[in-house]
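Structure record follows, encoded as structure tokens.
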Amino acid sequence: MEIFQYDFMIRALISASIVGLICPLMGMFIVLRRLSLIGDSLSHIALSGIAASTLFNSNSIVGSLIASSLAALVIDRLRTSLKEYADLSIAIIMALGVGISGILMSSSSVNFDLFSFMYGSIATVTKEDIVIIMITAVVVVVFINLFFKELVYITFDEENARLSNIPVKMINSVFMILVAASITMTLRIVGVLLVSSLIAIPVATSLKVAKSFKQSIFYAILFGEISILSGVIISFYMDVAPGAIIVIVSILQLIIVTLLKKITNKNKIKKVINKKMASK
């Protein structure tokens, strides 16, 4: 196939498959905690980190990771202090990220392809990026395996988890840093403006069909992989930004699954009615 003749496409597909795993995996816990928009907030902070690293001629991945990790910890602290208005923490950090990145990018010393960071680019993924993405994925998977029960408990009932002597503060802090790392790794392919879609939409689709928590994680990863890999492949042939295609595929999946479930439910209702009518 033509697509496998290009090294940058092989790198893009490898990184996309890893991102398609870690984003929906983390997304399941994020969505159920009602923090779906955290991707938008941290991605804007990550963009300011990229701008700052460019300004000081340092590694953009490291700069964005530091910025988004610090912002994630601040969001977690604000979320606990503003319990009734937890979503405000995300809005505050997003506004801060937009402001800082706007100031830094207006500097004549900052020069990078803004469009590729906004909507993603399959040509910008390097071998070093793949190594960092792989390391991030391993850390995320290991952390979730080690603290799966605690994460589920905290996700559904954080107050009782504290009373049960679960180290909620430590687990939340590590979790938020890993969320920031996952989002930072995703920017190359999906872009700043669309990163939250890869976290939320596959999860929303999986919740339509899953019958258990573990099953919902499996389906979220499956839908995530389908959307991101097909998005990267289609963007190659159409010569468009991959992030836009990934989002469209994700939404199409959600629409199709929703329609199929409605049809299935209608058929079940009809069968029940027919059985009752037959019994009479």
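The values are calculated or read from the model by the stated rules, or taken from the named source; none is laboratory data. Source: prediction; values computed, not measured. All Cβ positions, even for glycine, are placed from backbone atoms using ideal geometry, and neighbour counts span all protein chains on display.
Things worth noting here:
- With respect to (1) of a type outside the set (D, E, K, R); (2) surrounded by fewer than 14 Cβ atoms within 10 Å (Cβ to Cβ); (3) over 18 Å from Gly27 (Cβ atoms), the lone exception for Ala244 is condition (2).
- Ala52 being within 20 Å of the chain's Cα centre (by Cα) and among the aliphatic types (A, V, I, L, M): no
- Here Val131 meets each of (1) in contact (Cβ under 8 Å) with a residue 40 or more places away in the chain; (2) more than 30 Å from Lys261 (Cβ to Cβ); (3) β-branched (Val, Ile, Thr); (4) surrounded by fewer than 17 Cβ atoms within 10 Å (Cβ to Cβ) with one exception, condition (1).
- A count restricted to the range 208-222 and to residues that are among the basic types (Lys, Arg) and part of a loop (DSSP other than H, G, I, E, B) stands at 1.
- Considering residues of the range 143-176 that are of a type outside the set (Asp, Glu) and not in a helix (DSSP H, G or I) only, the residue surrounded by the fewest Cβ atoms within 10 Å (Cβ to Cβ): Asn165
- Residues considered: Ile233, Ile221, Ile217. Of these, the only one that is surrounded by fewer than 24 Cβ atoms within 10 Å (Cβ to Cβ), farther than 21 Å from Ile66 by Cβ and either in contact with a Pro (Cβ under 6 Å, 6 or more places away or on another chain) or hydroxyl-bearing (Ser, Thr, Tyr) (or both) is Ile221.
- Yes/no for Ser212 being more than 30 Å from Arg77 (Cβ to Cβ) and surrounded by 15 or more Cβ atoms within 10 Å (Cβ to Cβ): no
- Cβ separations smaller than 7 Å between residues 6+ apart or across chains give the following pairs from the range 11-36 residues that are under 16 Å from Thr184 (Cα atoms) to residues that are part of a loop (DSSP other than H, G, I, E, B) and of a type in the set (S, T, N, Q): Ile30/Ser36.
- Residue check for Ile263: surrounded by fewer than 18 Cβ atoms within 10 Å (Cβ to Cβ), among the β-branched types (Val, Ile, Thr) and assigned to a helix (DSSP H, G or I): yes
- Residues that are modelled with pLDDT of 80 or more and not polar (S, T, N, Q) within the range 192-204 comprise Val195, Leu198, Ile199, Ala200, Ile201, Pro202, Val203, Ala204, listed in sequence order.
- Here Ile189 meets each of (1) modelled with pLDDT of 90 or more; (2) within 19 Å of Met118 (Cβ to Cβ); (3) more than 11 Å from the chain's Cα centre (by Cα) with one exception, condition (1).
- Elements of the type helices (runs of 4 or more DSSP H) sitting completely within the range 28-126 and holding at least 1 residues that are at pLDDT below 85 and under 19 Å from Ser173 (Cβ atoms): these cover 38-55, 60-81, 87-105.
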